[in-house]
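Visitor: Submitted below is the structure of interest, expressed as structure tokens.
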Amino acid sequence: MKAFTYQRADSTTQAAAAAVKPGAKIIAGGTNLLDLMKLQVETPSRLVDISRLPLDKIEETPGGGLRIGALVRNSDLAADRRVRQRYGVLSRALLAGASAQLRNKATTGGNLLQRTRCYYFYDVTKPCNKRSPGSGCAALAGFNRIHAILGTSDHCIATHPSDMAVAMRALDANVETVDREGETKIIPIAEFHRLPGTTPEIETSLKPGEIITAVTLPPPPAGVQVYRKVRDRASYAFALVSVAAIVDSAQGRIRSARLAFGGLALKPWRSPQAEQSLANAPATMATFDTAANALLEGARGFGGNDFKIPLTRRTLHSVLAETTRA
Amino acid sequence: MDENESNTAPDASNAFEVTRRTVIETGTTALLLTTLPRAALAVGPVDANEPSLPAVTVELRINGNLRSLTLDPRTTLLDALREHLALTGSKKGCDHGQCGACTVLIEGRRINSCLTLAVMHDGQSVTTIEGLAEGDNLHPLQAAFVEHDGFQCGYCTSGQICSAIGMLAESRGGMPSYVTEDLTHPAAELSDAEIRERMSGNICRCAAYPNIVAAIQQVAGTPT
């Protein structure tokens with residue numbers, strides 16, 4: 001680990017001001033950042049600790065939704081009675097992620113900002129455009145079993161590792177931020193994470209010094225909520241494919257479906273075409289197939305991850321069958 | 001396991017404790033320490049050419065005792081415990097939050113002590129494996145691990161036990177898990193599947209899992 005100075009922030013605006021200084025990095029739960037600092041993937045020279053700021057509340061919003069403070073722990077969010085009752089897909093997604101020890105530390109804001117688990121991003125001896133822009137992508141022709149099949153570019157085929165963010169994407173959450181001038185902003189989660197394009201080092205739409213203060217959830221949409229995670233072992237592993245589904249159906253007919261996918265792209269993935277194909281359609285295998293075709297149009301494997309294309313199709317089938325079962 | 005064997009365990013750990021303290025008192029360890037750069041011991045892999053930045057003072061309540069430390073800010077909580085306080089019960093396995101051997105309780109909640117900085121816990125209370133027994137009376141989970149043979153090499157054991165304490169508190173507080181069928185009504189009793197899921201952050205390379213589950217199951221079924 002490289003040496004750094006340590007500072008505990010007293011306010012979000014103070015933290016935002018400190019965060020724009022050269023070499024500065026915000027730390028909250030630290031479960032991802034410290035891991036990367038030990039490997040010198042991250043080498044901040046100043047660490048700004050925001051973990052004691054009063055951003056750890058979950059509150060009802062006037063519109064019937066929830067406002068989740070950026071420092072709410074993943075375990076506290078998963079266990080919150082309102083989340084369990086109204087946003088089961090979010091609770092289940094959180095419980096599917098990491099281990100209990102990590103969930104007791106990891107925060108809502110930090111979870112959104114976690115870096116990819118691409119092996120080559122973690123290995124500082126290998127080229128990686130995300131870690132070292134312009135150095136190349138070792139995953140393209142390397143071991144790419146865990147990599148993306150949608151929204152990739154010639155510069156990066158990494159995936160975003162979060163489960164929580166996938167559920168939030170299905171719920172159309174909004175990310176609230178503040179900058180050093182105290183200016184607040186609301187970013188729809190669909191626009192929060194960026195696809196790699198030619199600049200995979202830019203991962204979110206946050207500006208320098210802009211700090212996440214909360215995530216808000218609109219009132220829960222109608223329908224059955226499910227989070228299905230497919231992985232290499234039964235627990236404590238990242239998703240190969242995951243689906244956050246909210247499906248409203250009755251008597252074998254789907255009214256509406258929201259589907260967000262993890263493990264497929266550098267951001268939680270939604271396909272408007274797939275969702276449209278399910279609206280007002282009978283809950284049949286043919287309908288599910290049409291939705292899978294729409295979702296996977298343009299999907300591309302890189303050798304090791306070719307299996308993700310049929311795996312995604314089967315997982316989607318299974319989730320739709322489960323959520324439309326009378 | 002027979003009764004004699006289970007009775008030897010606390011004595012054995014006491015003997016080790018005395019030996020380790022004796023070593024420190026006689027200065028053998030101090031001699032060893034001087035042969036390595038201090039930072040290497042305190043913070044793991046560091047750039048040797050890199051000067052340390054200003055030290056930080058940290059107060060931690062460890063197993064009920066207030067301890068004040070002056071540390072390189074890079075020092076993880078695990079390294080503070082092991083290298084600065086000689087509390088070597090918490091183990092360093094992977095040092096990346098993947099194995100759970102370093103699990104301790106902060107304000108009663110289980111975390112990976114390798115993935116947090118000591119300075120971030122200034123003023124907080126830490127419970128380690130050394131703080132569980134009351135004199136010669138083992139904590140019920142320690143006794144259950146001995147009784148059910150919940151280990152082979154023992155390296156993961158202190159993390160397993162601290163994790164299980166945190167897990168039982170979570171479960172009694174109504175925390176569901178990924179395998180909980182109805183998230184709004186977690187079952188009061190923990191099935192083996194629930195224990196396995198809730199303990200998945202603690203890896204045992206000897207694969208003593210059936211016995212670990214049995215040990216935890218015994219304590220989970222005991223009213224507190």
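Any read-out appearing in this document is the output of simple, stated calculations on the displayed coordinates, not a laboratory observation. Quantities reported herein were computed from a predicted structural model and do not represent experimental measurements. Cβ: placed from backbone, ideal geometry, glycine included. Neighbour counts: every protein chain shown.
Visitor: I'd like the FRET efficiency for A:LYS2 and B:CYS94, computed as 1/(1 + (r/R0)^6) with the beta carbon distance as r and R0 of 22 Å, rounded to 0.05.
Guide: 0.60
Visitor: If you don't mind, there's one more thing I want to ask. Nearest-5 percent of antiparallel DSSP beta bridges in chain A?
Guide: Counting DSSP beta bridges with both partners in chain A, the antiparallel share is about 85 percent.
Visitor: Roughly how tilted is helix A:285-296, in degrees to the nearest 10 and between 0 and 90, from the longest Cα axis of chain A?
Guide: In chain A, helix A:285-296 runs at an angle near 30 degrees to the longest axis.
Visitor: Taking the number of other C-beta atoms within 10 Å as the exposure measure, put A:ARG258, B:ARG61, B:ARG205 in order starting with the fewest.
Guide: Result, fewest neighbours first: B:ARG205, B:ARG61, A:ARG258.
Visitor: How about A:LYS130: which lysines have a C-alpha closer than 28 Å to its C-alpha, ignoring those fewer than 8 places off in the same chain?
Guide: Reachable lysines: A:LYS2, A:LYS21, A:LYS25, A:LYS38, A:LYS105, A:LYS185, A:LYS207, A:LYS229, A:LYS267, A:LYS308.
Visitor: Can you tell me the orientation of helix A:308-324 relative to chain A, as the angle in degrees between its alpha-carbon axis and the longest Cα principal axis, to the nearest 10?
Guide: Taking the Cα atoms of chain A, the angle to A:308-324 is about 60 degrees.
Visitor: Please arrange B:THR127, B:THR157 by counting, for each residue, the other beta carbons lying within 10 Å of its beta carbon, fewest first.
Guide: So the residues, fewest neighbours to most, are B:THR127, B:THR157.
Visitor: For the range B:163-214, which GluC sites (Glu not before Pro) are both in a DSSP coil and crowded by at most 12 other Cβ atoms within 10 Å?
Guide: Answer by residue number: B:GLU181, B:GLU189.
Visitor: Further, regarding this structure: Can you sort B:CYS102, B:CYS94 from fewest to most other Cβ atoms within 10 Å of each residue's own Cβ?
Guide: With the sparsest Cβ surroundings first, the list reads B:CYS94, B:CYS102.
Visitor: Could I ask something else about it? Would the range B:121-180 count as rounded, prolate or oblate if I go by the C-alpha gyration tensor, calling it rounded below 1.5 in a/c and otherwise prolate when a/b exceeds b/c, oblate otherwise?
Guide: Verdict is oblate for the range B:121-180.
Visitor: Have a look at A:ALA141, A:VAL243, B:VAL219 and report the one farthest towards the positive end of the charge dipole of the protein assembly as shown, computed about the Cα centre with Cβ charges (Lys/Arg +1, Asp/Glu -1).
Guide: Among A:ALA141, A:VAL243, B:VAL219, the one farthest towards the positive end of the dipole of the protein assembly as shown is A:ALA141.
Visitor: State whether the range A:52-161 is rounded, prolate or oblate according to the following rule on the C-alpha gyration tensor (a ≥ b ≥ c being the square roots of its eigenvalues): a/c under 1.5 gives rounded; otherwise a/b larger than b/c gives prolate, and the remaining case gives oblate.
Guide: prolate
Visitor: Magnitude of the Cβ-charge dipole of the range A:202-266, K/R +1 and D/E -1, about the Cα centre, nearest 20 debye?
Guide: Using only the charged Cβ atoms, the result is roughly 280 debye.
Visitor: When we measure straight from the Cα of B:LYS92, which aspartates and glutamates land under 16 angstrom away, once same-chain ones fewer than 8 places off are left out?
Guide: Those aspartates and glutamates meeting the cut-off are A:ASP35, B:ASP79, B:GLU83, B:GLU130.
Visitor: A follow-up question, please. For every helix of n ≥ 4 consecutive DSSP H residues, a contribution of -39,500 (n - 2.57) applies; sum these over chain A, divide by its total residues, and give [θ] at 222 nm rounded to the nearest 500 deg cm²/dmol.
Guide: -7500 deg cm²/dmol
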